[in-house]
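> One structure, pasted below without further comment.
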Amino acid sequence: MEASRRDFMQYVVGAFGAVAAVGAAYPILKSLGPSAASALQSKVDYDVSQLKPMDVRVTSWKGFPVFVMMLPTPFNWNGPVKNDKYKNHNRDILGNHNVYAIIAKCTHLGCIPLWKPDGDPAMNPSNIPVFHCPCHGSIYTPWGDNISGPAPLPLGIPPQALNGNTLEIGTPGFVKKFWNPYA
């Protein structure tokens, strides 16, 4: 059986169609998997030996900005609390740990709050340490509990463990799983 010119053209067009289909499907399938960057940052080790009480440092974990913080021991909170179902939510999750990490992304519109260790004039009393979101004025306690402003939820808390002077963000420890208010 001899192939005609028409048969040859059908094979050529079919081959180009198959290549085009693979070329179109590859980026779609690749975008469905986790990115290499997020897979690499599933665990972040942070050396806390240089932190002093009331220090806040910024790192990132899984694409989120993260505050690594050290509170003095003991630390007495004299500020207000929001009286809703999330009252002291993060403070209860973090327990008595004075070194911890919280997600640095406001739960209102995603801005990065500013650390005000000497207080904020918008608060009463104004000399308590707070995180203040500069976009719309949400105020958070040092543990990330929202106490004022339009933020509907406390800041997120990644899973974390403290091993000596290393805070392991992404490793289940004193916080077992990611509390994610951004989902």
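The values are calculated or read from the model by the stated rules, or taken from the named source; none is laboratory data. The structure presented is a predicted model; accordingly, all values stated were derived computationally and were not measured. For neighbour counting, all protein chains shown are included, and Cβ atoms are generated from backbone atoms with ideal geometry for every residue, glycine included. Surface accessibility is based on the protein's heavy atoms, side chains included, excluding ligands, DNA and RNA. Shrake-Rupley method; radii C 1.70, N 1.55, O 1.52, S 1.80 Å.
> Tell me which residues, restricted to region 131-174, are outside any loop (DSSP other than H, G, I, E, B), in contact with a Gly (Cβ under 9 Å, 6 or more places away or on another chain) and of a type in the set (V, I, T).
Correct list: I139, I147, I157.
> Would you mention how many residues in region 81-115 are surrounded by fewer than 15 Cβ atoms within 10 Å (Cβ to Cβ), more than 21 Å from Q160 (Cβ to Cβ), in contact (Cβ under 8 Å) with a residue 24 or more places away in the chain and more than 19 Å from the chain's Cα centre (by Cα)?
2
> Residues that are surrounded by 15 or more Cβ atoms within 10 Å (Cβ to Cβ), under 16 Å from the mean Cα position of the chain (by Cα), free of Cβ contacts under 8 Å to residues at least 60 places away in the same chain and over 22 Å from K43 (Cβ atoms): does region 165-183 have at least one?
No, the conditions are met nowhere in region 165-183.
> Does K52 meet the test of being open to solvent by 50 Å² or more (accessible area, probe 1.4 Å), at pLDDT 90 or above and closer than 20 Å to G170 by Cα?
no
> I need the full set of residues from region 105-136 which are of a type in the set (G, A, S) and within 14 Å of P152 (Cβ to Cβ), in order please.
Passing the criteria: only G110.
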